Amino acid sequence: MLRRQDPLVVIGAGIVGLATARELQQRLPRQRVIVLERGSEPALGQTARNSGVVHAGIYYRPGSLKARLCVEGGRLLAAHCERLDLPFERCGKVIVARDERERPRLEELLRRARANGVRGVEIVDRQRLAAIEPHCVGVAALWSPMTAVTDFRAVAHSLADELRQLGGELRTRAQVEAIGRGPTGATGNSRLTVALANGERLTASFVVACAGADADRLAAAAGLAPQVRIVPFRGSYRTIKAPSSQLVRALIYPVPDPELPFLGAHLSRHVDGVVTLGPTALPWPLRGLPSGTGVSARRARVLKHLIHSARWPGTHRALWRYRRAGVRELSRWLWPRLLVADARSYVPALDPRDFAPGPSGIRAQAVARDGTLVDDFLVSEGPRMLHVLNAPSPAATSALALARLIADRVEARLR
Ligand SMILES: Cc1cc2nc3c(=O)[nH]c(=O)nc-3n(C[C@H](O)[C@H](O)[C@H](O)COP(=O)(O)OP(=O)(O)OC[C@H]3O[C@@H](n4cnc5c(N)ncnc54)[C@H](O)[C@@H]3O)c2cc1C
């Protein structure tokens, strides 16, 4: 097939970048789509290090992108997993009110869930809760039968496979350093130049950046002035072995802190049968997890990231504004038994001796200049480019719907 010369470049092979690239390649078969990923394989970032929960759309402000794309994304994801025989279990989840003070928040969640079009949600009493999760105690719970679990990394790999089958390309070990204006094409259209860390330069007709924790830096490296910075939060899990693991049938969540966009450390049974408690949400100086690059290189990276975050007034304001939650998270990090004690407040039979350190992930959370944690997904546009600046949870659930939204905007810009 005859193709337009300059490729459309997607930066980042997480689930959002891959879903977007596949969607674009499907819609624009004459356009070559190339994904550039700095890692050695796709989906090693947040996509591989999360709870694996396909959210139903309960928590999100009605009318927000999160509310709409989570419900639509969950539906598309279920169909994708069924079509390709990928792991997907509709296990349902409970959000447990431990005392009467938490009940009004359950009711607010129910109102939101219904406004968002989530099917089957209801508030259940103590007895119904015991029938759903026999070892869980609380005065009431929100029961969401549509919530599911999957393996987002496997989903991301399937999207990479489909991209290739459609004629697209995925290049790993391709770290993008800068995006600049390129030469003007034969048709008079301006183009972009994408500079890689290895010195290579690519000319692109359009760039979509889905760089997770590096979203703000990449936007700045493209000459934009993003009005947010990414402040990383470390989300750590504890794994639970038998017999305590047998006390958790599916997904047990606490009532979330309404001040924060995080859902709270929860008990989850993953598709591989592993049961975890987490994640925590500790402000973290690094945008990735420590890797084997040597102590001095790691110190230099921490310093670079700290300076980048400290220069943003929103970082100080956020640390002050959310100081209570920050102290709580720091204490749980220093003394994990506090985290376990919290889980025992709704599953009392859990034995602290059955908990061990588990995996961790870095949540890429955008913070505004005034210190608020940006609640909704955020997509920003520049000349011949589009940057996904905030795609925290439930972006894995929403990825296929977010990809459609991005592709609509790219198509409109290419016309
Ligand atoms: C602990 C935790 C639990 C979560 N639980 C859930 C959940 O249960 N359900 C849910 O829906 N969501 C959950 N999330 C959120 C979800 O994982 C993310 O929203 C989603 O994975 C974001 O995908 P992404 O593609 O935007 O980012 P990522 O997966 O982080 O991918 C970004 C990619 O861009 C690459 N990249 C960055 N900079 C460059 C560059 N300069 N050049 C080339 N490549 C670059 C990175 O290497 C990376 O591969 C959770 C997240 C965390 C951390």
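What you get for the stretch 173-281, charging only the Cβ of Lys and Arg (+1) and of Asp and Glu (-1), is a dipole of about 220 debye around the Cα centre.
Heavy-atom accessible area with a 1.4 Å probe sorts Trp333, Trp284, largest first, into Trp333, Trp284. The relative contact order of the chain, computed from alpha carbon pairs under 8 Å that lie at least 6 residues apart in sequence, is 23 percent.
Taking Glu133, Glu89 and ordering them by how much accessible surface each has at a 1.4 Å probe, largest first, produces Glu89, Glu133. When only the Cβ of Lys, Arg, Asp and Glu is charged (+1, +1, -1, -1), the dipole of the stretch 307-412 relative to its Cα centre reaches about 480 debye.
The helix-only estimate of mean residue ellipticity at 222 nm for the chain, built from DSSP H runs of length n ≥ 4 each weighted as -39500 (n - 2.57), is -10500 deg cm²/dmol after division by the residue total. Can you check what the net charge comes to around Ala403, using other residues whose Cβ is under 9 Å from the Cβ of Ala403 (Lys, Arg +1; Asp, Glu -1)? So the surrounding residues net to +1. Positive end of the dipole of the chain (Cβ unit charges, origin at the Cα centre): among Ser244, Gly223, Gly92, the Cα lying farthest that way belongs to Gly223.
Summary value for the stretch 70-198: 23 percent relative contact order, contacts being C-alpha pairs under 8 angstrom separated by 6+ residues. For the chain, the solvent-accessible area of protein heavy atoms averages 44 Å² per residue (probe radius 1.4 Å; ligands and nucleic acids excluded).
Accessible surface comparison of Trp143, Trp335, probe 1.4 Å, protein chains only, largest first: the order is Trp335, Trp143.
Mind jotting down the distance between the C-alpha centroids of the stretch 20-53 and the stretch 354-392, whole Å? After rounding, the separation between the Cα centres reads 17 Å. When the accessible area of the chain is computed with all protein chains present and a 1.4 Å probe, what percentage of it is carbon and sulfur? Answer for the chain: carbon and sulfur cover 52 percent of the accessible area.
Assuming charge only on the beta carbon of Lys and Arg (+1) and of Asp and Glu (-1), the dipole of the chain about its Cα centre is about 860 debye to the nearest 20. The distance separating the Cα centre of the stretch 60-79 from that of the stretch 200-259 comes to 17 Å.
The values are calculated or read from the model by the stated rules, or taken from the named source; none is laboratory data. Note that the coordinates shown come from a computational prediction; the quantities given were computed from them, not determined experimentally. Glycine gets a Cβ as well: all are built from the backbone with ideal geometry, and neighbour counts include every protein chain shown. These accessible areas exclude ligands, DNA and RNA; they are computed on the full protein's heavy atoms, side chains included. Shrake-Rupley method; radii C 1.70, N 1.55, O 1.52, S 1.80 Å.
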